[in-house]
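The block underneath contains the structure these notes are about, expressed in structure tokens.
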Amino acid sequence: MADDIMAEIQKDKEKKQYEEYVKKITPAHNIWLQMLKAFFVGGLICTFGELLMKVFGDTLMMENDVASKYTTLTLIFLGVVLTGLNIYQKIASFGGAGALVPITGFANSVAAPAIEYKSEGHIFGIGCKIFSIAGPVILFGILVSWGLGIVYFIFR
């Protein structure tokens, strides 16, 4: 009986030590600073997108629809290139959701697994892992748009 009590006291002591250890090594986050960084980085990406729209539209005399498509393609291309150069990960770690939410973040989520698993070969590495992060987004995006199309067809 005394051994059981001592074992229970020891477990409680170890649990408290573990909780203190976890609290000590868990980084404290300043939510306001993180939101400010995300707003800043996301704003910079969007401002750059608007600048590209102006360049394609006004300078190169493209129609608005064409300029927006070229802007999207350019942002995707830059997201992939920056991912390949290991720069986008640094931007994302600084800016958080501000770097991950725009289309450049989606490009990063497709390119990063391809780069990470390229050592496993073209089929089992890149081919199988390229959509490991973006795949669910694409799948559920298509599924929801298909479902909404049916709803629109029925109720129009």
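Taking only region 28-57 into account, find how many residues are polar (S, T, N, Q) and either open to solvent by less than 40 Å² (accessible area, probe 1.4 Å) or not in a helix (DSSP H, G or I) (or both).
Of the residues in that region, 1 qualify.
Report those helices (runs of 4 or more DSSP H) wholly inside region 58-156 carrying at least 2 residues which are open to solvent by 70 Å² or more (accessible area, probe 1.4 Å) and at pLDDT 85 or above.
It comes to 64-84, 88-95, 134-155.
The values are calculated or read from the model by the stated rules, or taken from the named source; none is laboratory data. This is a predicted model, so every value here is computed, not measured. Side chains are part of the model used for accessible areas, which takes the heavy atoms of the whole protein and leaves out ligands, DNA and RNA. Shrake-Rupley method; radii C 1.70, N 1.55, O 1.52, S 1.80 Å.
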